[in-house]
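These notes are about the structure you will find just below.
The values are calculated or read from the model by the stated rules, or taken from the named source; none is laboratory data. As the structure is a computational prediction, the values presented were derived from the model and not from experiment. Here the Cβ is made from the backbone with ideal geometry for all residues, glycine too, and neighbour counts use every protein chain on show.
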Amino acid sequence: MVDPHRLRVFRAVVQTGSINRAAARLGYTPSAVSQHVSTLQRETGLTLIEKRGRGIVPTAAGIAVADRATRVLDQLADFDSLADDLRSGRSGTLRISCFSSANRAWMPAIAATMLAEFPDLRLELALVERHGQLTGEADVELYVAESVRGDRDPTVADGVADGYDVEPLRTEGYVVVVPRAHRLAQRESVPLLELADEVWIDNDDARGPCREIVLSACAARGFAPRFRLDAPDYATAFDYVAAGLGITVLPRLGAIRLPDDVATLAVDDAGVRRRIMLRVKRSMRTHPAVQRLTELIRDAART
């Protein structure tokens, strides 16, 4: 492979028309420039310059090589600039995986800040409930610890994962959303068991871990929810509640942008909790954009 540095020296010779002038431009001795040109001729198997009188002139092959060298060196400069941007986090792609309620509550503001501070950065987001949406492994992942089955890998949920650093963000309870005219609407909290006779609206068509937490807690209290409607997501479930069709139970983080005709109260039950975890690819931990992203996620989790 041709040494780009020799291309740069040879281009200077062609541009200045002289070994001596090229040496002066580059800050080299004339003998060093001559040596670079001779080595380039051996590497390419081409005669690039020839003597004419007391000076030199490029051959047709030399002119073609100098012209192509300009394009090659420009591309290398672009590559160096790209590498510098990637190191500094100014460009590239960050792959982020998160669960739906974090995506809805936290990610819009976080994404807005990231794209404002890193204008050439691309964010690729996917829901952990929907596998296969990312083009590669996530660089940063928000997940619910209870989504990792203990019989499959009991360590991952508690903070150990090959190639990743894992940390707990927060533990949160659940809330129940009821119609504004409901008998519980004026209460601040309600025991889970007191909801046994209510008509429930399901809110998770992915049948994910957050739903399983509720079902397991209900089973431990001796009942199963009476689901009469299946909503595909939290927002649709809220609309059904506002229409007076039942109640819906969900993690506290998911209870945002609610209709006016509903009320929210805490589910008073220690068994209805979930742990939110942050996982960061270890090879990306020092990446400036990843550092800023995780800072914003931690700030959001503290609110």
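Exactly one residue out of GLY136, GLY132, GLY173 is exposed (fewer than 12 other Cβ atoms within 10 Å of the Cβ) and modelled with pLDDT of 55 or more: that is GLY136.
Residue by residue through region 1-10, note down the ones that are touching a Leu at 6+ places or on another chain (Cβ under 7 Å) and either over 14 Å from THR44 (Cβ atoms) or surrounded by 19 or more Cβ atoms within 10 Å (Cβ to Cβ) (or both). Listed by number, the residues that qualify are ARG6, LEU7, ARG8, VAL9, PHE10. Would you be able to say whether some residue in region 276-289 is of a type outside the set (A, V, I, L, M, F, W, C), in a strand (DSSP E or B) and more than 16 Å from VAL175 (Cβ to Cβ)? Checking region 276-289: at least one residue is of a type outside the set (A, V, I, L, M, F, W, C), in a strand (DSSP E or B) and more than 16 Å from VAL175 (Cβ to Cβ). Of all residues in region 1-29, those that are among the polar types (S, T, N, Q) and closer than 21 Å to ALA61 by Cβ total 3.
Checking each residue in region 209-223 for being more than 15 Å from TYR174 (Cα to Cα) and either in contact (Cβ under 8 Å) with a residue 40 or more places away in the chain or touching a helix residue (DSSP H, G or I) at 6+ places or on another chain (Cβ under 6 Å) (or both) picks out ALA220, ARG221. The residues of region 230-268 that are in a loop (DSSP other than H, G, I, E, B), touching a Pro at 6+ places or on another chain (Cβ under 6 Å) and either of a type in the set (Asp, Glu) or buried (at least 16 other Cβ atoms within 10 Å of the Cβ) (or both) amount to a single one, ASP268. Search region 94-107 for residues being of a type outside the set (A, V, I, L, M) and touching a residue at least 40 places away in the same chain (Cβ under 8 Å), and hand back the single one that is surrounded by the fewest Cβ atoms within 10 Å (Cβ to Cβ). Across region 94-107, the extreme among qualifying residues is ARG104.
Is it true that some residue in region 215-223 is more than 16 Å from VAL267 (Cα to Cα) and modelled with pLDDT of 95 or more? For region 215-223, residues more than 16 Å from VAL267 (Cα to Cα) and modelled with pLDDT of 95 or more: present.
Specify which of the listed residues (ARG302, ARG298, ARG275, ARG282) is touching a Phe, Trp or Tyr at 6+ places or on another chain (Cβ under 8 Å) and surrounded by fewer than 19 Cβ atoms within 10 Å (Cβ to Cβ). Matching residue, one of ARG302, ARG298, ARG275, ARG282: ARG282. Checking the stated criteria, ALA289 turns out to be surrounded by 15 or more Cβ atoms within 10 Å (Cβ to Cβ) and either under 24 Å from the mean Cα position of the chain (by Cα) or within 18 Å of ILE110 (Cβ to Cβ) (or both).
A count restricted to region 192-213 and to residues that are of a type outside the set (Phe, Trp, Tyr), at pLDDT 95 or above and not in a loop (DSSP other than H, G, I, E, B) stands at 7.
The rows are residues; the columns are (1) in contact (Cβ under 8 Å) with a residue 12 or more places away in the chain; (2) surrounded by fewer than 13 Cβ atoms within 10 Å (Cβ to Cβ); (3) part of a helix (DSSP H, G or I).
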| site | (1), (2), (3) |
| --- | --- |
| TYR28 | yes, no, no |
| ARG42 | no, yes, yes |
| GLU50 | no, yes, no |
| VAL57 | yes, no, no |
